[in-house]
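First the structure, in the form of structure tokens, and then the observations on it.
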Protein chains: 2
Amino acid sequence: MAAAALEHSKETIASRVVDALRDDIITMALKPGDVISESDIAGRYGVSRQPVREAFIRLAQQGLLLIRPKRATVVKKISPIGVRQSRFIRESIEVEIIRRVAGQPSDDAADVLTRLIADQEAASDANDSRRFHTLDELFHRTLARLAGVEYAWQLIDDHKMQLDRVRYLTLGVSSTQRAIAEHKQIVEAVAKADPTAAETAMRAHLARAELLLNQTISDFPDYFE
Amino acid sequence: MAAAALEHSKETIASRVVDALRDDIITMALKPGDVISESDIAGRYGVSRQPVREAFIRLAQQGLLLIRPKRATVVKKISPIGVRQSRFIRESIEVEIIRRVAGQPSDDAADVLTRLIADQEAASDANDSRRFHTLDELFHRTLARLAGVEYAWQLIDDHKMQLDRVRYLTLGVSSTQRAIAEHKQIVEAVAKADPTAAETAMRAHLARAELLLNQTISDFPDYFE
DNA sequence: TCTGGCGCCCTTCCATACAAGAATGGCATT
DNA sequence: AATGCCATTCTTGTATGGAAGGGCGCCAGA
């Protein structure tokens, strides 16, 4: 925990504490199982306990913290079941999305997606994992936008944080080459207006995450329930 | 707002306030657009502002309240876009569920579902709308359980509250007969182990909600954005 | 040595006081 | 009559002190 002096903006203190803590949790600066307390964090950021408490409540609702009344507050360990179910939800939605996109194809769609893949290849060549994953997220978000349900993507953002923690642990591991190849298959199916092929490619793409999860669990057993 | 003296249990005051307020909102005792304040609710329940404030935060995260800093807190109006997107998510997941259930059929599945439909018919004959909708929810939840993703159902419960408010407004309107007939089609497809037919039936079942939504918007325009 | 009880310390939870922004209505000025 | 300013009074946001409860270790007794 580096974390000194959250930069002051016009937002409320509570909001800034939420952002700071969430970032620390996703980047594993705060590890699953770590015990924190209101006064602890309050002292660390030089604020009172009240806004910290409110931050705890919000993060607990997002599934990142576990408040044990009168006992303590801990960074929630990652639940393999929760991760799989979150992925089930994501897969359900993404399959529906890719069907729509492939079902009503436009030249724009394929173009935009192709360009994104090119960027990803550049990031991969430069070994810039962070940027690669940012572009990966953008790829999927773009599909949602093309399907006209970008707003729905925001709704599942909460669940996605569970997946993000796992992904952060696999930053150096995941094979970017393979992901790119899979993305190409998806775009290809979209260009051909073949919903079934698109669905198959998307399922394969998402299924690979299962392998990564299992490896990550054995690499960091303490971080999981 | 009837609402006196929330019954005391061992839970925290904040939790009880959350439950009470959420119930008031979903049952339209608190109407979309109503302005409430921390001290208002605090006085009404005879507690201090603090737990009420925490309840507001939690309900705001669930999309039921809108906290306008330093200004006021209002019961959020229902967003037609949000409702449609929530339904999109639900439809995506339910289609995936029904495919799985129909894909790996069991005698139990059809039996349990058939029994639930019988109960629904009884409730419909008795004109018990509340019970009918409770059974309706149980029907879909059972499908999730049969697909082995009951936990995922919990994850979308938050989004479902948006739909619940609309559904409450349509309590006397919705044609229970039709819903029952659609449920029968679904079970039939499951019994025949026909995923495609099951999917079609499920989509039709969920699509009918769109009509209800449009009618509800014109019936209660003030409750929507 | 083992076991049960008691007290201390830690936590979250609640209450209260104060601070600061925002809206509204009255009043003065033009 | 219209308009701009200012004070009053709401609201939510923050700080702080104490209350209530759970965990843990020391200590006494068997």
Ratio of Rg to Rh over the range B:13-75 (Cα coordinates, Kirkwood Rh, two decimals): 0.91
Using Cα pairs closer than 8 Å and at least 6 residues apart in sequence, work out the relative contact order for chain B, in percent. 25 percent
Working from the pairwise distances between different alpha carbons, so that the mean of 1/r is found and then inverted, what is the range A:31-150's Kirkwood radius in Å? 17.8 Å
Per-selection Kirkwood Rh - the range B:167-225 (Cα, Å, 1 d.p.): 12.8 Å
In vacuo Debye scattering of the range A:124-225, one point per C-alpha: log10 I(q)/I(0) at q = 0.20 Å⁻¹? -1.21
State, to one decimal in nm², a quarter of the convex hull surface area for the C-alpha atoms of the protein assembly as shown, i.e. the direction-averaged projected area. 23.8 nm²
So for the pair B:Ser37, A:Lys192, with labels modelled 7 Å out along Cα→Cβ, what separation do we get in nm? 6.5 nm
With a bin width of 10 angstrom, please list the P(r) values of chain A as percents of all Cα-Cα pairs, from the 0 bin to the one holding the largest distance. 7, 29, 31, 21, 10, 2
Can you compute the helix-only [θ] at 222 nm over chain A? Use -39500 (n - 2.57) per DSSP H run of at least 4 residues, normalise by all residues, nearest 500 deg cm²/dmol. -23000 deg cm²/dmol
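Coordinate-derived values only; no laboratory data. What you are looking at is a predicted structure, and each value in this text was computed from that prediction instead of being measured. Using ideal geometry, Cβ is built from the backbone for each residue, glycine included, and neighbour counts are taken over all protein chains shown.
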